[in-house]
Protein chains: 2
Amino acid sequence: MKLLEERIARDGVVKEGNVLKVDSFLNHQMDTDLFNALGKEWARLFADCPINKILTIEASGIGIACIAAQHFGVPVVFAKKSQSINLDGDVYSAKIESFTHKKIYNVIVSQKFIGPDDHILIIDDFLANGCAVLGLIEILKEAGATLEGVGIAVEKGFQKGGQELRDMGIRVESLAIVDGMDASTGKITFRPQPSHT
Amino acid sequence: MKLLEERIARDGVVKEGNVLKVDSFLNHQMDTDLFNALGKEWARLFADCPINKILTIEASGIGIACIAAQHFGVPVVFAKKSQSINLDGDVYSAKIESFTHKKIYNVIVSQKFIGPDDHILIIDDFLANGCAVLGLIEILKEAGATLEGVGIAVEKGFQKGGQELRDMGIRVESLAIVDGMDASTGKITFRPQPSHT
């Protein structure tokens, strides 16, 4: 999506170690006009899917998912990160390994909010190694829900997550795929996606 | 706000120990149509304030704040909960005591995103003891920003947070104020607010 690629090129900051900081508009300060454009594009791309609910994970996926949900007319459920598997009532849970924070945590979703009749779109801000999305997919399997696809704002195309999901037959629509970054020049290379606006 | 009070009365669940569960529409599963109505009401109530940014705190404040922001035409910044005061670059930080989770954690906001020129509306889903909001106010003071007011979805009027903030001269607009709950009957009593829709 040109609008997002241009914004990343303008306001993203490339740091050593393949770190891309987009905290001025995506995951700390949030530009809700941009989020609206992302939501509209996902609604166009997934128009043929009978999506009735969006699933995301706290924290930075929530804002994007909520604004995107307005374009689908469906509610959002967010998976909660949890030290312990507590909560009252029954929950689905999965373990996720965070490479950024070097730890493993549980994510949980109340069984009240996802079930076999649900057709789910997973939305998240970033896709790198894919651990968060794989955890959410595990939860959907436990729930017996149908995964319609995965909408990602920024995919790091040189890490394994996107390829792994696509190899599983999952439809992944990443609105910007970064294929390379150069911390010395700040240059970011995007993968061409002809079917996107 | 009648719409929110009716929704709490219908779908909220009262539990022993003054616990009000609104996770089916507010802070686990999220009804974005309802969030839109909340955002519109805050925009009406704070129409006389020169708000240029909304500040919230992860996780459950983010969805409400992002959708509300569309009615103000401003970006959102969310404070991050952090075990350690790390992050690269300079951050404002405050300590917050969580009664629900019985622990103290740091919240941080990058100094890049709040400064002396900002006129801030704080948005959050719940107000009980007020610790989260007081932490955000501390961050605004560090930043030299102006606090225009606080928008809360559900205030527990029988806990001290709301009164404490109002006694400090802060404008707090809680769209539903719960003055009492009865776990045996499920009955919830709301404080009348004639100036709200």
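Every read-out reported here was derived from the displayed coordinates using simple, explicitly stated rules and does not represent laboratory data. Treat the numbers as computed from the prediction; the structure is a model and nothing was measured. We place every Cβ from the backbone using ideal geometry, glycine too, and count neighbours over all the protein chains shown.
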Original post:
Can you spot a residue in the range A:134-145 that is in a loop (DSSP other than H, G, I, E, B) and surrounded by fewer than 15 Cβ atoms within 10 Å (Cβ to Cβ)?
Top reply: yes
Original post:
Among A:103, A:53, A:15, which is under 26 Å from residue B:21 (Cα atoms) and not small (Gly, Ala, Ser)?
Top reply: A:53
**OP:** Pick out, from the range B:1-108, the strands (runs of 3 or more DSSP E) lying fully within it that include 2 or more residues that are under 23 Å from residue A:78 (Cα atoms) and within 13 Å of chain A (Cβ to nearest Cβ).
**Re:** B:13-15, B:19-21, B:53-57, B:76-82
**OP:** For the range A:145-170, enumerate the residues that are small (Gly, Ala, Ser) and over 15 Å from residue A:122 (Cα atoms).
**Re:** A:157
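Quick check: is even one residue across the range A:178-194 of a type in the set (A, V, I, L, M, F, W, C), assigned to a loop (DSSP other than H, G, I, E, B), touching a residue at least 12 places away in the same chain (Cβ under 8 Å) and crowded, with 16+ Cβ neighbours inside 10 Å?
No, that holds for no residue.
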**OP:** Kindly check whether there is at least one residue in the range B:51-70 that is out of contact with any strand residue (DSSP E or B) (no Cβ under 7 Å at 6 or more places or on another chain), loosely packed, with under 14 Cβ neighbours inside 10 Å and of a type outside the set (Lys, Arg).
**Re:** no
Original post:
Just one of the numbered conditions (1) among the hydrophobic types (A, V, I, L, M, F, W, C); (2) touching a Leu at 6+ places or on another chain (Cβ under 8 Å); (3) over 21 Å from residue B:72 (Cβ atoms) is not true of residue B:137; which one?
Top reply: (3)
Original post:
Hey, among A:110, A:24, A:93, which residue is over 27 Å from residue A:194 (Cβ atoms), without any contact (Cβ under 8 Å) to a residue 60 or more places away in the chain, of a type outside the set (D, E, K, R) and touching a Gly at 6+ places or on another chain (Cβ under 8 Å)?
Top reply: A:110
